[in-house]
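The values are calculated or read from the model by the stated rules, or taken from the named source; none is laboratory data. In this text, all values refer to a predicted model and were calculated from it rather than measured experimentally. Because the Cβ atoms are built from the backbone with ideal geometry, glycine has one as well, and the counts that use them run over all protein chains shown.
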């Protein structure tokens, strides 16, 4: 049973073919692995139906996870504008699904995620997976997509206190106006 200070976080690594998700729990100091997986879309379907598959899959995972906060990786711009646009649409589903469930949604750049987990902003996939194994010893993941999603959740766990403080300071500032 979770205490008052514990929170479940879902990390989402958006992709049109494969969207990774990872759920962790934190009490502000300790991290623990809850679950992870990948949602896939049918590649021979039209884009709208692939996006629907991702959205419905995420909605089901979020409902089952009992997560209270979500973190999503920001899109990086690729050399192929068409691929970047499709990734952006998948990312839209990754932002919308937790918002529809009432979760607070935060976004993080790939470099900040890597730096938060590994200590270097240009870490490779193997380094990320090794650190996740160290930080979440019970984690079992079968793909880089799951590992990346867990890294996103860990990044959020590390930065959520600062984000909450910034929100409180902004609210105070606005109240004084």
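Looking only at the stretch 39-54, filter to residues that are surrounded by 20 or more Cβ atoms within 10 Å (Cβ to Cβ) and in contact with a helix residue (DSSP H, G or I) (Cβ under 7 Å, 6 or more places away or on another chain); which one of those is nearest to residue 150 (Cα to Cα)? Ranking the candidates gives 39 first.
Looking at this structure, is residue 99 under 18 Å from the mean Cα position of the chain (by Cα), surrounded by fewer than 19 Cβ atoms within 10 Å (Cβ to Cβ), modelled with pLDDT of 95 or more and over 17 Å from residue 16 (Cβ atoms)? It is true that residue 99 is under 18 Å from the mean Cα position of the chain (by Cα), surrounded by fewer than 19 Cβ atoms within 10 Å (Cβ to Cβ), modelled with pLDDT of 95 or more and over 17 Å from residue 16 (Cβ atoms). Quick check: anything in the stretch 73-80 touching a residue at least 60 places away in the same chain (Cβ under 8 Å) and not in a loop (DSSP other than H, G, I, E, B)? Yes, the conditions are met somewhere in the stretch 73-80. Within this structure, residue 157 passes the test of being buried (at least 18 other Cβ atoms within 10 Å of the Cβ) and part of a helix (DSSP H, G or I). Across the stretch 28-65, the number of residues qualifying as closer than 23 Å to residue 133 by Cα, in contact (Cβ under 8 Å) with a residue 12 or more places away in the chain and either part of a loop (DSSP other than H, G, I, E, B) or over 18 Å from the mean Cα position of the chain (by Cα) (or both) comes to 1. Out of 138, 115, 86, one residue alone is surrounded by fewer than 20 Cβ atoms within 10 Å (Cβ to Cβ) and without any contact (Cβ under 8 Å) to a residue 40 or more places away in the chain. It is 115.
Say we look at the stretch 119-129 and pick out the residues that are loosely packed, with under 15 Cβ neighbours inside 10 Å and in a helix (DSSP H, G or I); which of these is nearest to the chain's Cα centre (by Cα)? Looking at residues that are loosely packed, with under 15 Cβ neighbours inside 10 Å and in a helix (DSSP H, G or I), I get 125. Answer yes or no as to whether residue 110 is closer than 23 Å to residue 158 by Cα, in contact (Cβ under 8 Å) with a residue 60 or more places away in the chain and buried (at least 17 other Cβ atoms within 10 Å of the Cβ). No; evaluated as a whole, the condition is false for this residue.
Filtered by the rule that a residue be touching a helix residue (DSSP H, G or I) at 6+ places or on another chain (Cβ under 8 Å) and crowded, with 19+ Cβ neighbours inside 10 Å, the stretch 55-69 gives 55, 58, 62, 67, 69.
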